[in-house]
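Take a look at the structure set out below.
The values are calculated or read from the model by the stated rules, or taken from the named source; none is laboratory data. Small disclaimer: the values here were computed from a predicted structure and weren't measured. Virtual Cβ from ideal backbone geometry, glycine too; neighbours counted across all protein chains shown.
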Amino acid sequence: MKEAEARISTQEDVTAGYGAKISEVELKLEAALDKVDDLENRSRRCNIRVIGLPESSEGTNPVSFFKTWLPELVAVSFKGGAVKIDRCHRVLARLPSSAQRPRAVIIKLHNFQDKARIMQAARRKQSLFHNGIPIMIFEDFSAAVLKKRQGFYHVKQRLREMGVPFAMMYPAVLRIKIDGQEKSFRSPEAVSAYLDNVPQGAGPRSSSVAPVDC
């Protein structure tokens, strides 16, 4: 009996050791995936994603089209009336029918400063149109970061209703300003918990506050 108990105890120790090693491997794998995702997003740093532009609007020379179209769309002046673009393309997907939404356009700008000016101008205008068609411009993030940011959708809707200004910071941090104080949150649950404890009437309640996504 004692020999059996000793064997069981030894086996439990071995199993516990395996569990610790598995946990260590999982942590290393998570860190490696985070590093890969960060590198992917760094490679997209100068990218923007254009939503809503009808198929074939850019013609047979997309770079030539977008280098003048973008400044005109957001009303920003660039030297020579054109912004420098390295490359651009529609997302890889089947060509949609006329009844379906057009594919998004990914544009890689040559300078990050130009990308920042375009994004800031787009936020100021709030509504963008091409031949009467609504156009939206977003940052181009990896799928992992995009999923995290989309998780804040409902709390951002709540903030808009409250008139509380907010900014979505990279990679997925929501910063709000209420009663003159700025606070940052890394999860939508943390935002909801904080807002649940905000006294009624606190903070701005103006619907004119323009939210910012960075």
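In the stretch 73-185, counting only helices (runs of 4 or more DSSP H) that sit wholly within it, the ones holding 1 or more residues that are over 24 Å from residue 46 (Cα atoms) and out of contact with any helix residue (DSSP H, G or I) (no Cβ under 7 Å at 6 or more places or on another chain) span 153-162. The residue pairs whose first member lies in the stretch 58-75 and is at pLDDT 95 or above, whose second member is in a loop (DSSP other than H, G, I, E, B) and crowded, with 17+ Cβ neighbours inside 10 Å, and whose beta carbons are closer than 6 Å, counting only pairs six or more residues apart or on different chains, are 65/58; 67/83; 70/83; 71/83. Within the stretch 36-69, the residues that satisfy the criterion of being over 27 Å from residue 100 (Cβ atoms) and over 17 Å from the mean Cα position of the chain (by Cα) are 67, 68.
Of everything listed in (1) exposed (fewer than 15 other Cβ atoms within 10 Å of the Cβ); (2) at pLDDT below 95; (3) out of contact with any strand residue (DSSP E or B) (no Cβ under 8 Å at 6 or more places or on another chain), the single unmet condition for residue 171 is (1).
Residue 52 satisfies every condition listed in (1) exposed (fewer than 12 other Cβ atoms within 10 Å of the Cβ); (2) of a type in the set (Gly, Ala, Ser); (3) farther than 26 Å from residue 80 by Cα except (1).
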